[in-house]
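Accompanying notes for the structure given below.
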Amino acid sequence: MALNRRSNQQSSSPFDGATMVTMTGSSTGSKMMTVSDLAMQPGVKTPYHIHPNTEESMFVVEGELEFRVDGHRFKATAGDCVLANRGKGHGVANVSDRPARFIAVYPSAAPEREVIDEPELKDATPDSVSFRGRMEAFEFAPGITRFDMVGDFLGAESTYFSELTFQPGAVAPNHYHPSHEESMFCLSGNLTAVYADDDNVPLEAGDMFTCEPTVRHGIYNSSDAPGKLLAIHPVLNPPPRVEVD
């Protein structure tokens, strides 16, 4: 198990005007994925680049961002998610007057990055975007609603993740994954992760819990307010799982 408390993590600056916290990756013991939390100040723009060995999913947590993906230029706001396929050029810019933040997900513990020349861009949206305003949540379990953000339906090769909202008292079924890790990122509220047979792991906003393959785990909300969670898998949907008591 890897538990990364937001309050304990050191941030870095991958480029001027941006701060990054790595929540899951090779440095935390993951063998299958990397998850980073990036904040960008107004006017900041990332280089146009590719990842030769992995795709990248970018979930907007706060603010408004301009994305450049495979020659397309478009905007996305909180709750939207953008997929950049492996080998496809992409970049992000904060063109607003407020800070913005997004979660970057790679189904690789060692994502490679190569800066390339930015092509001529057209104002258009590719098919690899989930816009929250066009989506409908569904009931995953009693008191739990879910948005599926990335999967084969978006053109992903090896990523599946969802945003779940837990109402007070809601419990997600305990389960394990036979051959892949699962990372759980607490977006808001206070949730509790169940690990193996006995451990209960409290999660606050910004905390990340990663469970290794074959180990029983789950999530519940014992607080009196809703909580939100990103459930991230480095495999396509539906992720193989076995439910247990």
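The values are calculated or read from the model by the stated rules, or taken from the named source; none is laboratory data. In this text the structure is predicted, and so the values were computed from the model without any measurement. Cβ atoms come from the backbone with ideal geometry, glycine included; neighbour counts cover every protein chain shown. Note: accessible area is taken over every heavy atom of the protein model, side chains too, but ligands, DNA and RNA are not part of it. Shrake-Rupley method; radii C 1.70, N 1.55, O 1.52, S 1.80 Å.
Please work out which residue is most open to solvent (accessible area, probe 1.4 Å), limiting yourself to the range 112-131 and to residues that are farther than 13 Å from residue 76 by Cα and touching a Gly at 6+ places or on another chain (Cβ under 9 Å).
Once the filter is applied, the top-ranked residue is 120.
Please go through the range 151-204 and pick out each residue that is of a type in the set (Ser, Thr, Tyr), farther than 20 Å from residue 243 by Cα and open to solvent by less than 10 Å² (accessible area, probe 1.4 Å).
Correct list: 159 only.
If you go through the range 60-70 one residue at a time, do you hit one that is within 26 Å of residue 165 (Cα to Cα), of a type in the set (Asp, Glu) and at pLDDT 95 or above?
Yes, the conditions are met somewhere in the range 60-70.
Within the range 174-206, work out how many residues are within 23 Å of residue 26 (Cα to Cα) and in contact with a Leu (Cβ under 7 Å, 6 or more places away or on another chain).
8
For every residue, the table says whether it meets (1) among the acidic types (Asp, Glu); (2) open to solvent by 10 Å² or more (accessible area, probe 1.4 Å); (3) assigned to a helix (DSSP H, G or I); (4) at positive phi.
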{"site": "82", "(1), (2), (3), (4)": "no, no, no, no"}
{"site": "88", "(1), (2), (3), (4)": "no, yes, no, no"}
{"site": "95", "(1), (2), (3), (4)": "no, yes, no, no"}
{"site": "103", "(1), (2), (3), (4)": "no, no, no, no"}
{"site": "110", "(1), (2), (3), (4)": "no, yes, no, no"}
{"site": "133", "(1), (2), (3), (4)": "no, yes, yes, no"}
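For residue 227, which of the numbered conditions (1) open to solvent by 10 Å² or more (accessible area, probe 1.4 Å); (2) touching a residue at least 60 places away in the same chain (Cβ under 8 Å); (3) more than 25 Å from residue 126 (Cβ to Cβ); (4) in contact with a Gly (Cβ under 7 Å, 6 or more places away or on another chain) fails to hold?
Unmet for residue 227, out of (1) open to solvent by 10 Å² or more (accessible area, probe 1.4 Å); (2) touching a residue at least 60 places away in the same chain (Cβ under 8 Å); (3) more than 25 Å from residue 126 (Cβ to Cβ); (4) in contact with a Gly (Cβ under 7 Å, 6 or more places away or on another chain): (1).
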